[in-house]
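Asks: Before I ask anything, here is the structure I am working with.
The values are calculated or read from the model by the stated rules, or taken from the named source; none is laboratory data. This structure is a prediction, so every number in the text was calculated from the model and none was measured. As a convention, Cβ positions derive from the backbone with ideal geometry for all residues, glycine included, and neighbour counts pool all protein chains shown. Only protein heavy atoms, including side chains, enter the accessible area calculation; ligands, DNA and RNA are left aside. Shrake-Rupley method; radii C 1.70, N 1.55, O 1.52, S 1.80 Å.
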Amino acid sequence: MPLSNVEYVALRLVRKFLFTDASLMRIGRLLPYYQANIGMQTPYPIVQGWGRALGGAEPFRGVRILELGSGATNSAAYCLASQGAERVCAVEPFRSLDAAADSVALRTVAADAGCVPDDLADRVVRLGNVEDVAEASIDLVVSHSVLEHLSEPEAVLRSLDRILAPGGRMCHAVDFRDHFFKYPFHFLQFEKHTWTRWLDPGDLPRWRLSDYLRLFDKMGYRAEVPVQESDAAGYAKIRDRVSKDFDRDDPTMSVTLVTLVARRAA
């Protein structure tokens, strides 16, 4: 076993069996090689990333938006509202709202945008489930670092398809790295049983970009990847040890970060 795997496996076992999601939210920033949720720090890079991928001068103005996986605050939703969104549904099924942090986020975004906080808050609604959203009532679905954590992505994407209005789009920022970022591809070494039983913290099914592109195609969507980063050199170091569960020669195996935009094909 390579020396790096000794450290990696030890850290993965600690993460799986000793840390709950709640404790990780509190101290994740202190763990070696783990990156805490940046949405709790500032929403601006997230919203700017969606804007770049969508293109246009004001991609959110007048748009009805659903953000999937809003986290403990509605900070990104407030930012979208400050940029002209007509309405933003902040959907978060797993984390309770941190009212104190959310209040700070609202006041900060409003001050930065020169808006009245209540005006932004009036255009944001927080929901616990996509099923609570009316059919064909959303123009744009956005998410950041959510798709890579879904154990059943097809079911989730089909629920999003239901609420999209004709001509609506999805814009998903996806991080394909192992979330112990010193080792972005180490989790590809393990066969499914070993990964699921011993190492997976419960939310890293290890889908690659090609898997999502096939799924969108199956659903009748045309998916484009206007923003993409890769680490070919990093993947080359691990390629010969990649599990047989994966196609080592898949050209998307070395992809680390994307923002993909999908629209139902005509």
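Asks: Residue 103 to residue 58: FRET efficiency via 1/(1 + (r/R0)^6), r the Cβ-Cβ distance, R0 30 Å, to the nearest 0.05?
Replies: According to the calculation, E is roughly 0.65.
Asks: Residue by residue through region 199-214, which ³J(HN,Hα) values in whole Hz follow from phi under the Karplus form 6.51 cos²θ - 1.76 cosθ + 1.60 (θ = phi - 60°), with glycine and proline marked x?
Replies: Result, rounded to whole Hz: 10, 5, x, x, 9, 10, x, 6, 5, 9, 4, 4, 5, 5, 5, 5.
Asks: What does the accessible area per residue of the chain come to in Å², with a 1.4 Å probe and no ligands, DNA or RNA counted? Write down the numbers at each step before the final one.
Replies: On the way: 12950 Å² over 266 residues.
Solvent-accessible surface per residue comes out at 49 Å².
Asks: Could you sort 200, 161 by their accessible area in this structure, using a 1.4 Å probe and putting the largest first? Could the numbers behind the result be given before it?
Replies: On the way: 200 20, 161 45 Å².
So, going from the largest accessible area down, we get 161, 200.
Asks: Something else about it: Counting Lys +1, Arg +1, Asp -1, Glu -1, what net charge surrounds residue 154 among other residues with beta carbon under 11 Å of its beta carbon?
Replies: Details: positive: 158, 214, 218; negative: 152, 161, 211.
Every neighbour counted, the sum reads 0.
Asks: Here is a follow-up. Report the net charge of residues surrounding residue 257, where surrounding means a beta-carbon distance below 11 angstrom and charges are Lys +1, Arg +1, Asp -1, Glu -1.
Replies: Result for the neighbourhood of residue 257: -3.
Asks: Same structure, new question: Could you work out the longest stretch of the chain that avoids the GluC sites (Glu not before Pro) located in DSSP loops with at most 16 other Cβ atoms within 10 Å?
Replies: Working: sites that count: 86, 135, 191.
My reading of the result: 1-85 is the longest stretch.
Asks: Would you kindly find the accessible area of residue 227, with a 1.4 Å probe and non-protein molecules such as ligands, DNA and RNA excluded, rounding to the nearest 10 Å²?
Replies: 50
Asks: Where the convex hull is taken over the Cα atoms of the chain, what is its projected area averaged over directions, in nm²?
Replies: 14.4
Asks: Let me ask you something else. Considering only protein heavy atoms and a probe of 1.4 Å, how much of the accessible area of the chain is carbon and sulfur, as a whole percent? Don't skip to the answer; put the middle values down first.
Replies: On the way: 6800 of 12950 Å².
Reported share for carbon and sulfur atoms: 53 percent.
Asks: In region 137-246, which trypsin sites (Lys or Arg not before Pro) are in a loop and have at most 16 other Cβ atoms within 10 Å, using DSSP for the loop call?
Replies: 182, 244
Asks: Which value, in debye to the nearest 20, describes the size of the charge dipole of region 106-236 about its Cα centre when Lys and Arg Cβ atoms bear +1, Asp and Glu Cβ atoms bear -1, and nothing else is charged?
Replies: On the way: 15 positive and 22 negative charges, 70 e Å.
Magnitude of the dipole: close to 340 debye.
Asks: May I ask which residue of 43, 179, 93 lies farthest towards the positive end of the charge dipole of the chain, with charges of +1 (Lys, Arg) and -1 (Asp, Glu) on Cβ and the Cα centre as origin?
Replies: The listed residue farthest towards the positive side: 179.
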